[in-house]
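To start, the structure itself, in structure tokens.
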Protein chains: 2
Amino acid sequence: MQERNRPGRIAPAPEHFVSASLQQDIGRHGLDAPRRDFLRKSFLGAAAGIAAVTAGRHALAAEGDPAILQPQPWATSLGQPVAARPYGQPSEHEKNLVRRESPGLTRVSAASVAFAPLQGFFGIITPNGLHFERHHQGWHDIDPARHRLMINGLVRTPRVYTMDDLMRLPAVSRMHFIECGANTGMEWGNVAVPTVQYTHGMLSCCEFTGVPLRVLLDDAGADLRRGRYLLAEGGDGSSMTRTIPMELADEIIVAWGMNGEMLRPENGYPLRLVVPGVQGVSWVKWLRRLELGDQPWNAKDETIHYVDMVPDGRLRQYTSIQECKSVITTPSGGQQLVGNGFYNISGLAWSGRGRIRQVDVSTDGGRNWRTARLEAPVLSKCLTRFSLDWVWDGSPAILQSRAIDETGYVQPKLAQLRAVRGTRSIYHNNAIQSWQVAAGGEVSNVHVD
Amino acid sequence: MQERNRPGRIAPAPEHFVSASLQQDIGRHGLDAPRRDFLRKSFLGAAAGIAAVTAGRHALAAEGDPAILQPQPWATSLGQPVAARPYGQPSEHEKNLVRRESPGLTRVSAASVAFAPLQGFFGIITPNGLHFERHHQGWHDIDPARHRLMINGLVRTPRVYTMDDLMRLPAVSRMHFIECGANTGMEWGNVAVPTVQYTHGMLSCCEFTGVPLRVLLDDAGADLRRGRYLLAEGGDGSSMTRTIPMELADEIIVAWGMNGEMLRPENGYPLRLVVPGVQGVSWVKWLRRLELGDQPWNAKDETIHYVDMVPDGRLRQYTSIQECKSVITTPSGGQQLVGNGFYNISGLAWSGRGRIRQVDVSTDGGRNWRTARLEAPVLSKCLTRFSLDWVWDGSPAILQSRAIDETGYVQPKLAQLRAVRGTRSIYHNNAIQSWQVAAGGEVSNVHVD
């Protein structure tokens, strides 16, 4: 189990799982087609006999397997009572699966990043304890009784709300991804960061709950003819302010909930902005003020930071939408395949423009592509989990995924993106990620044109 | 904020939120219609002016509000670094929102229930730390390296899998509710349990990840002609075994993941069965064996327990599907409305037969009903969040919700259910729940015919 929790060894499926008949099919049709057929039949619940499995090492002999032959202590003793932990915690055996700071990435840890361990995630929901962190001056556990939200600017009646005020208003819940604009930023140049936790780990996905921004704007009597831009201001010491165009207003939530409970302190407790499809810096944490204005504010964090340098040295500004992107999380950099056979390739896709329409996967560095299975529900501006069966024959391979969203936009190759954007950017790298599988099974991050 | 975390006071929306024009509408059309119209317009993003709000106590004067006038400590000091807690925890201000045992419900706490605090949940996802618990002999934190799953019985080749074997197989992720068959059991008789945590708190909802049961049955060469029933056996000391009809097999998952991470120890780590729509006892935890047979097993926990006594003294057996049900979680028993005005009535609906089609809410004990708003996504055998606006005029009220699922089944009144099932059951009470609001604002559990 340890190998799942950190980059390490991952074994193939049991030997018997690649059956004699499948091996014949592989010989006839190539590596992958028969396996897909097998799975389709399985999922449709076809009758037995489709997998004439060999008698593998895991058939019931179980000779010498103490886990089978001896009673385990958990079967012969009284366990822990209910509510032993009124707020539950993960197993002691999962202690390696944690958020990790990249040492040296920033000068101080209060203005840094803790990356989410994508290599250990399942499905699309990010557990709250493993949501990525990005702070500009550290996090506080704010007393909600002392927190206020002000709405001012081009409104008839400026307002100040307490948390109790807000939480009695009509609430909505929506599942959305949040990605830092700088996610995958190291890959612009020639640095190939070793693991998916560090290449793509500024990414999470939750069910967020709060009051629609429109309800508050209505309440304050917003002037929607003159008011074209919103300023969102955070309550921490970093003077975080961001301009948000009012075209995005209909989907914005002033949120207090994530995955059914209150926001975590490091994610903005008790109040943050949720701006679906937009880079995380605009999801202002510890939200204390919204001001409606008639032009962009050119705040510190949208002029000095969060701008994209292009080859002629100019800076692209207000590039806030996170374009369509995907990444394979298993197998991924730093892991180790321990033998030929069946593997379930799995990963995540998302788009700031809407739903994911399709994800293709290549195991030969982009020459051939197969369409992956998407896990329902496929929601707008939300992570989508994809899976693809793969029988590895032991030769070197390069694994890639390529997402297409409902607008028809296709995730670009790294070379395509660099041709337009150069190599000096930090933000908004949504290129196809390549994981190289060596003949020995080692998986590593490579830059492929 | 404290009142949300435990039964207590909940305040109405700010005074100004019920505007002069809304008050006029209320006079014209009754209590609720204009508010619904207001919301519809808001959510559709209509132009300003729909809420001609009065200058209420929260307009920007803010005289004497130290939270506005004085800099808060979190704005003037450096905060905690990233990864201060590599696995995150809730705010210190949320310590009251926990799972709770009902003292005296069982003789020992190792064979008892910890109820989930539904009154504090948002949306449909249950955070893993607050998932309800029901154990028969306590919980253990099993070493996954020593855990095995055996498949035997009417199969060509019995199998034994390690966790590593299983986790390399093709995985699926699905969002489903899980409800103990005994949830709401106290309400069969004349006991009206005071809060929603204790009436309905044996209910949770997660995104579960694992391998489809069909893949394992195929792998073992299951005899699907003779094999009509599955026996699921848990690895703890309670000898938990349950019969599952093979008609349900297509949706069953052998699961290791909940909400993106590994199962929690108290929820079956490292492996449990997910049987969508079926009572929780069949979602066998610490799953160690699946045996395919040709008839039901009549195990201890399906003959002595988990049977329903009907009026003539006979016992209904194998009543495993959780029928369509709903409950209002805010306002709910033990809470206190602190004044007239706008409230967001919110609750949960679910059905073991499929999707929720509609939820109706009554504020007058079932004489009049209005259709609530359902929060997307509405998924099969999954919780669905509903909301309804309500302007309370201060008179006594009885709040009810009534769910209808996609089969057309309508959640019954308590009297209807008792007419068929009597009052001596423990399990499978899906009656409409009534919360009485007294003139003073106290909310309490009442049994209404």
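The values are calculated or read from the model by the stated rules, or taken from the named source; none is laboratory data. Since we're looking at a predicted model, the values are computed, not measured. Ideal geometry is used to build each Cβ from the backbone, glycine not excepted, and the neighbour counts take in all protein chains shown.
Please return the ranges of strands (runs of 3 or more DSSP E) entirely within segment A:292-369 where 2 or more residues are in contact with a helix residue (DSSP H, G or I) (Cβ under 8 Å, 6 or more places away or on another chain) and either within 30 Å of A:Y229 (Cβ to Cβ) or hydroxyl-bearing (S, T, Y) (or both).
Working: elements: A:325-330, A:341-350, A:356-362.
Answer list for segment A:292-369: A:325-330.
Conditions (1) within 14 Å of the chain's Cα centre (by Cα); (2) modelled with pLDDT of 95 or more; (3) not assigned by TED's automatic domain parsing to the domain that holds A:T209, marked per residue:
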{"residue": "A:H131", "(1), (2), (3)": "yes, yes, no"}
{"residue": "A:G138", "(1), (2), (3)": "no, yes, no"}
{"residue": "A:R156", "(1), (2), (3)": "no, yes, no"}
{"residue": "A:P170", "(1), (2), (3)": "no, no, no"}
{"residue": "A:E179", "(1), (2), (3)": "yes, yes, no"}
{"residue": "A:A182", "(1), (2), (3)": "yes, yes, no"}
{"residue": "A:M186", "(1), (2), (3)": "no, no, no"}
(message) Just to verify a result, which residue in segment B:112-130, among those that are within 7 Å of chain A (Cβ to nearest Cβ) and over 22 Å from A:V172 (Cα atoms), is surrounded by the most Cβ atoms within 10 Å (Cβ to Cβ)?
(response) B:A114
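Among the candidates B:N183, B:N190, single out the residue that is under 21 Å from B:A415 (Cβ atoms), more than 9 Å from chain A (Cβ to nearest Cβ) and crowded, with 21+ Cβ neighbours inside 10 Å. Working first, answer last.
Numbers: B:N190 fails: crowded, with 21+ Cβ neighbours inside 10 Å.
Every option except B:N183 fails the conditions.
Tell me the residue from A:R85, A:R107 that is more than 7 Å from every other protein chain (Cβ to nearest Cβ) and within 25 Å of B:Q89 (Cα to Cα), please.
A:R85
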(request) Could you name every one of the strands (runs of 3 or more DSSP E) located completely within segment A:115-188 that has at least 2 residues being under 18 Å from B:P71 (Cα atoms)? (result) A:148-153, A:159-162
(message) Based on this model, can you work out whether A:Y306 counts as on the phi > 0 side of the Ramachandran plot and either surrounded by 19 or more Cβ atoms within 10 Å (Cβ to Cβ) or not assigned by TED's automatic domain parsing to the domain that holds A:Y161 (or both)?
(response) yes
(request) Kindly list the number of the only condition in (1) surrounded by fewer than 23 Cβ atoms within 10 Å (Cβ to Cβ); (2) away from chain A (no Cβ under 14 Å); (3) touching a residue at least 40 places away in the same chain (Cβ under 8 Å) that fails for B:Q411. (result) (1)
(message) Looking at segment A:87-111 only, could you name the residues that are assigned to a loop (DSSP other than H, G, I, E, B) and surrounded by fewer than 19 Cβ atoms within 10 Å (Cβ to Cβ)?
(response) A:Y87, A:Q89, A:K95, A:N96, A:S102, A:P103, A:G104, A:L105, A:T106, A:R107, A:V108
(message) Being closer than 30 Å to B:H136 by Cα, part of a helix (DSSP H, G or I) and out of contact with any Asp or Glu (no Cβ under 7 Å at 6 or more places or on another chain) narrows it down to one residue among A:A67, A:A84; which is it?
(response) A:A67
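Would you pick out the residues in segment B:238-268 that are assigned to a loop (DSSP other than H, G, I, E, B), within 22 Å of B:V108 (Cβ to Cβ) and within 8 Å of another protein chain (Cβ to nearest Cβ)? It would help to see each step written out before you state the result.
Here is the first cut: in segment B:238-268, the residues assigned to a loop (DSSP other than H, G, I, E, B) are B:238-240, B:252, B:259-260, B:263-264, B:268.
Filter again for within 22 Å of B:V108 (Cβ to Cβ), leaving B:238-240, B:264, B:268.
Of everything in segment B:238-268, just one residue is assigned to a loop (DSSP other than H, G, I, E, B), within 22 Å of B:V108 (Cβ to Cβ) and within 8 Å of another protein chain (Cβ to nearest Cβ), namely B:R264.
Go through A:R156, A:R174 for me and flag whichever is touching a Phe, Trp or Tyr at 6+ places or on another chain (Cβ under 7 Å) and within 12 Å of another protein chain (Cβ to nearest Cβ). Working first, answer last.
Values: A:R156 fails: touching a Phe, Trp or Tyr at 6+ places or on another chain (Cβ under 7 Å).
Going through A:R156, A:R174 in turn, the sole match is A:R174.
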(request) Among the numbered conditions (1) closer than 30 Å to B:R225 by Cα; (2) surrounded by fewer than 20 Cβ atoms within 10 Å (Cβ to Cβ); (3) not polar (S, T, N, Q), tell me where B:V160 comes up short. (result) (2)
(message) Given the options B:L217, B:L224, name the one that is within 9 Å of chain A (Cβ to nearest Cβ) and outside any loop (DSSP other than H, G, I, E, B).
(response) B:L217
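For (1) of a type in the set (S, T, N, Q); (2) in contact with a Gly (Cβ under 9 Å, 6 or more places away or on another chain); (3) not assigned by TED's automatic domain parsing to the domain that holds A:S380, each residue gets a yes or a no:
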{"position": "A:I253", "(1), (2), (3)": "no, yes, yes"}
{"position": "A:W256", "(1), (2), (3)": "no, yes, yes"}
{"position": "A:W297", "(1), (2), (3)": "no, no, yes"}
{"position": "A:K300", "(1), (2), (3)": "no, no, yes"}
{"position": "A:R316", "(1), (2), (3)": "no, no, yes"}
{"position": "A:T330", "(1), (2), (3)": "yes, yes, no"}
{"position": "A:G333", "(1), (2), (3)": "no, no, no"}
{"position": "A:L337", "(1), (2), (3)": "no, yes, no"}
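Which of the following residues is in contact with a strand residue (DSSP E or B) (Cβ under 9 Å, 6 or more places away or on another chain), surrounded by fewer than 22 Cβ atoms within 10 Å (Cβ to Cβ) and either within 14 Å of chain B (Cβ to nearest Cβ) or of a type outside the set (F, W, Y) (or both): A:R370, A:R418? Break it down stepwise before answering.
Working: A:R418 fails: in contact with a strand residue (DSSP E or B) (Cβ under 9 Å, 6 or more places away or on another chain).
That would be A:R370, the only listed residue that is in contact with a strand residue (DSSP E or B) (Cβ under 9 Å, 6 or more places away or on another chain), surrounded by fewer than 22 Cβ atoms within 10 Å (Cβ to Cβ) and either within 14 Å of chain B (Cβ to nearest Cβ) or of a type outside the set (F, W, Y) (or both).
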